[in-house]
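Let me begin by presenting the structure, written as structure tokens, before commenting on it.
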Amino acid sequence: MADTQGPARAADWSLRSATTADVETIAELRAAVMRADLERVGRYDEHRVRQRLRDSFSTRYTSVVLSGGDFAGCVTVRPAGDRRWLEHFYLAPHHQGRGLGSAVLRSVLERADAEGRAVALKVLQGSAARRLYERHGFVVEAEDPVDVSMVRRPGGAGV
């Protein structure tokens, strides 16, 4: 799944199915990348941040992101009625800001578009990730003091 339109640094990437052996690596990645945002909204808990990933981990719906053959992150896409639910989309900090997230997200969205499915997600209030999602056609569906629910209709149309 090479990205031919993004920056060269994002070109050498692929996805592989997650295995049960990946759960702890992904739980640690989640804790690291979400810490600042969770602390900002008063929700960081050393144990809970990892356990929430463990409790919802699915090898069936989770893919490991590889960059240059090395672990770079993960993404989970679950069926949810007539939508796809995007969750657990994390990249290691040294892979962020280089086009890899956009490349992976484009791949997910292309698949959903081909199926005629909307893609929904939640992002923490104030998270920089919201800008990534907005650039890819996601619009706000609902908000509360902690989360922003967003959706992208097939083909990038908003709500």
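The values are calculated or read from the model by the stated rules, or taken from the named source; none is laboratory data. Please read these numbers as outputs of a predicted model, since none were measured by experiment. Neighbour counts are summed over all protein chains in view; Cβ atoms, including those assigned to glycine, are modelled from backbone coordinates with ideal geometry. The area values use the complete protein model at the heavy-atom level, side chains included, leaving out ligands, DNA and RNA. Shrake-Rupley method; radii C 1.70, N 1.55, O 1.52, S 1.80 Å.
The residue list G126, G101 contains one member that is touching a helix residue (DSSP H, G or I) at 6+ places or on another chain (Cβ under 9 Å), small (G, A, S) and outside any helix (DSSP H, G or I), which is G126. For R54, the conditions (1) in contact with a helix residue (DSSP H, G or I) (Cβ under 7 Å, 6 or more places away or on another chain); (2) closer than 30 Å to G155 by Cα all hold with the exception of (2). I'd like to know if segment 139-146 contains one or more residues that are open to solvent by less than 20 Å² (accessible area, probe 1.4 Å) and either farther than 22 Å from R30 by Cβ or at pLDDT 95 or above (or both). No, there is no match, as no residue in segment 139-146 is open to solvent by less than 20 Å² (accessible area, probe 1.4 Å) and either farther than 22 Å from R30 by Cβ or at pLDDT 95 or above (or both).
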